[in-house]
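K.L.:
I am attaching a structure below and will ask some questions about it afterwards.
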Amino acid sequence: MKKTMKKWMALFLTFMILCVPLAACTPESPPLDPVEDITLVLDWTPNTNHTGFYVALEKGYFADEGLNVTIVQPPEDGATMMVASGQAQFGIDFQDYLPPVFTSEEEIPVTAVAALLQHNTSGIISLKEDGIDTPKGLEGKNYATWDLPIEKAMLQNIVEADGGDFSKVNLIPEYVENEPAALQQDIDAIWVYYAWGGISCKQAGLDTNMIYFKDITPEFDYYSPVIIANNDYLKDHAKASKGFLTACKRGYEYAIENPDEAAEILCKQVPELDPELVKESQEWISTQYKADVDRWGYIDPDRWNAFFAWLYENDLSAEIPANYGFTNDYLPD
């Protein structure tokens, strides 16, 4: 019995000795790349400006880049402050809201890294029966104002460019959330982004006029909205930043090619949205994501600089250096 046990022990030890070099030669599995957590903070409640993000989530485009992206709505002090503080890596803002950020005595470390729409799709909407088919037609009419200096200066510019008297426009301080209801009550004209406010009026059965700012004054064809990023994050996480924008590009290009499916994805991700509004809005705005450029997200330096120069020339902002506050360096080709 003892001899048998010794024999088995010898065989076991021999087996183990032989296996050690085999184990040492077995290649190890490569370590998995760590998943990067990213928070994207919106400018407002979800809408078709944001469809590409939700498509990228649904289709796994962010995951393909090794990213775990969470989309949140903005706090009271806005998306930009959340991004600047590092609580979010990316956010949504508008070029006309960024001058105070770029001219603040206290550095606010954010940079615009992509344009969601290639042209400013905002303008003044009114009921066709009110006859406001040009800016001069605002004379004697009630305009719902946010009471912001840049807003009122732009309105004055287009009214006067059309030969109108801005002092005759009735500025009614009112934040409008329901455009169709406001236009059927005491408000004659509202600044809206057509893809949402304009489509809302159309679906309510209203016959409207729409005056686009960019069609009156070229400097008003600024970028609205844009993706902004935290400067430190861009510097320290260049690969993840490029991956994030690559996934966004795929999401928006899918929405361009498949507006109906993209609308369904947005409604699935944000079920409180009105499906009919989303579908028609998506069909309209899908042509605006890239419009006349080949490269999704591209920001034209001349147009970016022209708007800020206009603000400075009209004492609406401190001077912002040319090409300051944006970059195309993180965009996919």
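K.L.:
Looking at 94, 53, 62, 90, which is the one that is surrounded by fewer than 23 Cβ atoms within 10 Å (Cβ to Cβ), touching a strand residue (DSSP E or B) at 6+ places or on another chain (Cβ under 9 Å), among the aromatic types (Phe, Trp, Tyr) and within 25 Å of residue 232 (Cβ to Cβ)?
P.N.:
Among 94, 53, 62, 90, only 94 is surrounded by fewer than 23 Cβ atoms within 10 Å (Cβ to Cβ), touching a strand residue (DSSP E or B) at 6+ places or on another chain (Cβ under 9 Å), among the aromatic types (Phe, Trp, Tyr) and within 25 Å of residue 232 (Cβ to Cβ).
K.L.:
Could you pull out the residue among 221, 232 that is out of contact with any helix residue (DSSP H, G or I) (no Cβ under 8 Å at 6 or more places or on another chain) and of a type outside the set (Lys, Arg)?
P.N.:
232
K.L.:
Considering only residues of the stretch 184-222 that are assigned to a helix (DSSP H, G or I) and among the aromatic types (Phe, Trp, Tyr), which is nearest to residue 307 (Cα to Cα)?
P.N.:
This residue is 220.
K.L.:
Here are 229, 144: which of them is over 20 Å from residue 116 (Cβ atoms) and part of a strand (DSSP E or B)?
P.N.:
The unique qualifying residue is 144.
K.L.:
Can you find, within the stretch 65-87, the residue that is surrounded by the most Cβ atoms within 10 Å (Cβ to Cβ) among those that are closer than 13 Å to residue 112 by Cα and of a type outside the set (Val, Ile, Thr)?
P.N.:
Here the answer is 79.
K.L.:
Can you name the condition, by its number, that residue 287 falls short on among (1) closer than 30 Å to residue 257 by Cβ; (2) surrounded by 23 or more Cβ atoms within 10 Å (Cβ to Cβ)?
P.N.:
Result: residue 287 passes all but (2).
K.L.:
Out of the stretch 32-87, which residues are modelled with pLDDT of 95 or more, of a type in the set (Gly, Ala, Ser) and farther than 24 Å from residue 253 by Cβ?
P.N.:
84, 85, 86
K.L.:
Using beta carbons and a limit of 8 Å, which pairs, at least six apart or on different chains, have the first residue in the stretch 286-303 and within 14 Å of residue 112 (Cβ to Cβ) and without any contact (Cβ under 8 Å) to a residue 40 or more places away in the chain and the second one assigned to a loop (DSSP other than H, G, I, E, B) and small (Gly, Ala, Ser)?
P.N.:
301/322
K.L.:
Within the stretch 252-264, identify whether any single residue is part of a loop (DSSP other than H, G, I, E, B) and in contact (Cβ under 8 Å) with a residue 24 or more places away in the chain, and answer yes or no.
P.N.:
No, that holds for no residue.
The values are calculated or read from the model by the stated rules, or taken from the named source; none is laboratory data. The shown structure was predicted, so the numbers you read here are calculated from the model rather than taken from an experiment. Glycine also receives a Cβ, built like all others from the backbone with ideal geometry; neighbour counts cover every protein chain displayed.
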